[in-house]
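The structure under discussion appears below in the form of structure tokens.
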Amino acid sequence: MRLTFDVNGVGQQADDVWPGESLLYVLRERMGLPGTKNACEQGECGSCSVYLDGTLVCACLVAAPQAQGRAVRTVEGLATDSAGGLDHIQQAFVETGAVQCGFCTPGLIMATDDLLANTPTPSDAEIREALAGNLCRCTGYEKILDAVRLAASRRTEVTP
Amino acid sequence: MSVPTTQRPTGTETATGRLGDITLLPDGIPKVTGDFAYSSDLWMDDMLWGVTLRSPHPRARVRSIDIGAALATAGVTAVLTHEDVPGSKYYGLEIADQPVLAVDEVRYTGEPVAIVAADHPETARRAAAKIVVDYEVLDPITDSRAAMSPDSPLVHATPTQDHYPGGGNILRHVRIRRGDPTLTADVVVTGEYDVGMQDQAFLGPESGLAVPAEDGGVDLFIATQWLHVDQRQVAESLGLPEDKVRLSLAGVGGAFGAREDVSMQIHACLLALRTNKPIKMVYSREESFYGHVHRHPATMRYEHGANRDGTLVYVKCEVVLDGGAYASSSPAVVSNAASFAVGPYNCDNVLIDGYILYTNNPPCGAMRGFGAVQVCFGHESQMDKLAAALGIDPVELRIHNAMAEGSLMPTGQVVEGAAPVAELLRRVKDAPLPAAAPTDSYDLRALPGGVSNTTHGEGVRRGVGYAVGFKNVGYSEGFDDFSTARVRLEVVGGELVATVHTAAAEVGQGLITVMAQIARTELGVEQVINQPADTSIGTAGSTSASRQTYCTGGAVQAACEAVRDGILAMASARGLSVEGAALRDGKIVAADGAAVASVADLLGEEIVEETREFHHRPTEPLTRDLGAPGDIGQGAAHLQFAFAAHRVVADVDVELGLVRLVEVTTAQDVGKALNPLSVVGQIQGGTTQGIGLALMEEIQVKDGKIRNPSFTDYLIPTILDTPPMQVQVLELGDPHAPYGLRGVGEPPTISSTPAVVSALRAATGRPLTRVPVRPEHITGT
């Protein structure tokens with residue numbers, strides 16, 4: 001089948017898509033956007049989190065045809081508005097040491113973006129609840145909490 | 001609740017740090033933008049996909065394999081079996097006992113039987129399903145203690161016995177005897193303890209890209225822990241000289257021991273050479289559970305004898321580890337389990353037997369903690385039990401028996417350098433305790449069961465538990481463990497630039513950050529480039545055993561010193577006085593602090609490049625003469641010991657068996673924190689893997705089959721399961737080690753498991769002799 005959809009603000013088309021493919025496969029193998037990660041491919045780890053029409057989803061659980069005519073935003077499209085190359089969440093993850101192997105990081109950054117859009121100054125309990133669907137095997141999450149707190153504080157400074 | 005760590009970045013952090021500075025990871029930026037190329041992200045225009053057909057049986061003879069229908073599938077380019085392996089049909093880290101593709105028998109469920117290349121992964125999977133394998137199914141050998149019996153059927157018809165003494169299915173028996181274990185004691189406690197099979201559960205699946213080369217060789221881009229040990233095994237099975245099998249490190253999505261063994265490396269190269277096309281292989285999560293070794297499940301029997309004052313008189317221990325179908329690193333794991341079976345305590349009379357068995361269960365091998373994890377649950381459970389029998393505070397009992405500098409290991413090895421067991425225990429004990437749960441209100445999110453709304457506080461008891469553990473850093477028992485580094489200093493575009501090249505695997509731990517810190521510190525240069533790791537340079541050894549910063553750090557230091565000597569020699573040849581000079585801030589600085597010359601001016605167009613190996617101090621094999629009288633299993637087998645202690649505070653719903661950890665406190669001696677940011681990250685992450693083993697992580701194997709090969713059914717801690725952590729870092733310095741450092745990665749994983757269980761015992765009063773602890777163990781139902 002032919003798939004036509006919007007990825008990070010740009011119209012895209014993929015041909016010869018096998019309808020059993022996931023949105024994750026299409027992004028990674030057909031769109032050249034491997035930043036969205038493939039850790040479990042059954043919706044348990046959150047590493048493939050992307051926005052689909054503004055809603056955070058696991059791209060591995062979205063069948064490619066379900067993306068037809070819709071808008072997808074991936075980690076590669078997160079920092080397009082900022083001059084420095086990183087948005088404030090990405091910057092916070094680097095600064096706090098929240099990145100080790102980094103495989104969970106794009107998904108966690110997308111989930112954090114979604115959290116802070118809805119809850120600009122989350123409590124620790126709210127951060128834990130919001131990120132409970134994102135597995136990290138390296139960090140023990142402590143520095144991820146640091147990163148989200150830092151990103152929230154900066155976001156608050158910028159947009160009071 | 002937020003508990004700050006002691007090493008939180010303070011705003012002075014920098015991406016250009018020197019040793020000891022909080023230094024940001026240079027690969028952090030591509031990792032947050034999605035640009036970092038992991039092994040599963042690689043792609044070439046004309047590449048094909050490789051998939052693996054695996055055995056559905058734990059033990060079966062292979063009568064025949066019919067690949068006809070698979071090969072006839074549109075889009076399929078190659079289907080290979082063992083007949084297509086041109087070189088060695090067997091491989092292995094220590095013993096080549098594992099078939100590249102099953103030859104005449106399969107020995108575990110999930111063993112690779114055939115491989116397929118096709119133009120789409122789904123085409124390859126469907127073709128693989130068309131391969132007809134005629135199996136004669138046999139009764140699997142799945143009970144490790146029964147497998148020890150001389151009457152047991154054999155997993156391997158001719159098991160390896162020359163390399164390590166054993167018998168039948170015993171792959172290795174490590175026997176340690178020191179002193180007189182026939183003594184009697186005032187108080188004796190015995191216990192039997194079990195540890196389940198844990199998975200490393202790295203997030204980045206086994207994957208890579210093999211590209212055929214014009215010279216008949218192959219280039220493999222791969223996520224691994226040790227490029228050169230992969231290179232050797234791939235070359236042997238391809239029947240190619242090693243220089244025709246070139247490996248480059250692709251981005252590694254975590255390792256934790258699971259990338260020590262070869263997974264898809266040989267398969268991808270076989271398909272690439274057969275099809276003359278690049279081959280990409282990426283395991284699914286389910287396949288990953290079959291595609292790598294796991295932490296050995298253990299059954300342990302302990303007997304501790306002590307005087308009334310708590311002094312240990314003797315310790316007897318038998319530990320049986322299930323090695324599964326193939327050897328992997330099992331011989332070294334059982335040696336560690338035996339070495340550390342008593343824990344970091346003084347005891348002059350020990351009797352230890354460590355056994356590791358072949359069975360038809362999934363192969364087990366390296367995982368963070370490497371044999372020390374299992375026995376730490378045993379010896380720490382025993383110390384709690386002994387404390388209760390004596391009526392002594394469990395921390396005081398540990399401190400009373402604590403190993404210190406100069407203590408003897410069960411192997412007779414003298415513990416050199418700092419062994420701050422007592423101090424680590426005091427630190428976690430003296431750390432402030434979290435506030436008690438409020439009695440007049442509740443927040444579901446702070447209770448066991450969370451927002452499932454299973455309790456409002458009734459039936460919830462708080463427990464506090466402690467544990468301490470240790471293990472070796474580096475490869476042991478006489479292994480020549482070393483790393484190689486090349487460092488180049490030159491002027492590029494008017495700026496002084498150092499380039500560091502090693503084959504060492506960065507797996508997320510922060511090694512390349514430390515390598516750059518070393519170069520900046522030793523050479524007084526700001527700009528450091530880490531050249532990608534590959535096999536065009538000598539081996540770095542494995543990113544394992546908490547050894548990589550020690551060994552590769554030592555090699556980078558040595559190469560930097562050689563480069564510095566070269567610079568100073570150039571300066572001296574030009575008549576400059578460089579006696580006692582160092583390189584700092586781009587200048588040669590004399591002993592009195594005066595700048596002698598600019599290094600960039602001195603170098604001009606010239607390049608100074610040096611390659612050095614760093615070999616750690618030799619270690620000794622354990623004495624193995626099973627028939628000899630007197631002490632055996634003796635020898636200075638280990639390079640360095642690393643220690644950590646934990647305190648865990650847990651709230652337990654004793655009616656429903658649910659647990660919520662309130663806080664974990666870790667104290668660890670790291671010798672010298674080269675990058676405090678990464679050191680704390682390692683401690684927090686390692687601690688969390690130990691929490692997982694205590695509370696939830698177990699590969700459930702029944703009749704030789706894995707029942708839960710997914711993240712739906714194999715649970716690892718989420719951010720909700722992981723409590724706030726306090727970390728206390730000691731820097732006591734090891735005079736024998738580069739910069740005084742002590743390996744960091746593994747110790748936090750070792751003692752966190754028994755500390756969690758100790759807290760649960762304190763809350764419930766139940767013995768809890770098995771990990772992971774299940775709700776029914778807590779409720780006793």
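Computed values, structure above
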item	result
Of every Cα-Cα pair in region A:3-78, the percent that sits beyond 14 Å	52 percent
FRET E, pair B:Val132, B:Lys702, Förster distance 41 Å, beta-carbon r, rounded to 0.05	0.95
Cα-based reach from B:Lys385 at 19 Å (exclusive), listing lysines while leaving out same-chain residues under 8 positions away	B:Lys316, B:Lys429
Alpha-carbon radius of gyration plus Dmax, which is the widest Cα pair, for chain B in Å	26.9, 84
Where only C-alpha atoms are counted, convex hull volume of the protein assembly as shown per residue in Å³	175 Å³
Total charge dipole magnitude, region B:482-615, about the Cα centre, Cβ charges on Lys, Arg, Asp, Glu only, Debye to nearest 20	300 debye
Dipole magnitude of chain B, debye to nearest 20 (Cβ charges: Lys/Arg +1, Asp/Glu -1, about Cα centre)	1260 debye
B:Asp186/B:Asp430 FRET efficiency (R0 25 Å; Cβ-Cβ; nearest 0.05)	0.25
Signed unit charges on C-beta, dipole axis of region B:714-781, positive-most listed residue B:Thr753, B:Ile778, B:Val727	B:Ile778
Cα convex hull volume per residue for region B:482-615 (Å³)	105 Å³
Restricting region B:691-781 to trypsin sites (Lys or Arg not before Pro) in coil, as DSSP defines it, with at most 14 other Cβ within 10 Å	B:Arg707
Projected area averaged over orientations for region B:56-199, convex hull of C-alpha atoms, nm²	13.1 nm²
Fully extended contour minus Cα-Cα distance, from B:Glu579 to B:Asp66, at 0.36 nm per residue	177.2 nm
Residue-averaged [θ]222 nm for the protein assembly as shown, counting only DSSP H segments that reach four residues, each worth -39500 (n - 2.57)	-7500 deg cm²/dmol
Per residue convex hull volume, Cα atoms of region B:647-781, in Å³	140 Å³
Debye intensity ratio I(q)/I(0), log10, region B:547-644, q values 0.10, 0.19 Å⁻¹ (C-alpha model)	-0.49, -0.94
Proximal lysines relative to B:Lys587, as straight alpha-carbon distance under 23 Å, when same-chain residues fewer than 8 apart are discounted	none
Dipole magnitude (debye, nearest 20) for region B:575-731, charges at Cβ of Lys, Arg, Asp, Glu	380 debye
Value of Rg/Rh across region A:88-158 [Cα atoms, Kirkwood radius]	0.91
For region B:482-615, with +1 on Lys and Arg beta carbons and -1 on Asp and Glu, the positive-most of B:Ala498, B:Leu602, B:Gln531 along the dipole	B:Gln531
Full-stretch length increase - B:Asp592, B:Glu458 - with 0.36 nm per residue and alpha-carbon distance subtracted	41.2 nm
C-alpha center-to-center spacing [region B:156-233, region B:588-641] in angstrom	26 Å
19 Å tail of the calculated P(r), chain A, as % of Cα pairs	52 percent
Loop-resident sites, region B:455-547, for GluC sites (Glu not before Pro), counting at most 16 other Cβ within 10 Å (DSSP)	B:Glu458, B:Glu526
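Rule-based calculations on the coordinates, nothing more; no lab input. Just so we're clear, the structure is a prediction, and the values are computed from it rather than from any experiment. When we count neighbours, we look across all protein chains shown, and the Cβ atoms used for this are built from the backbone with ideal geometry, even at glycine.
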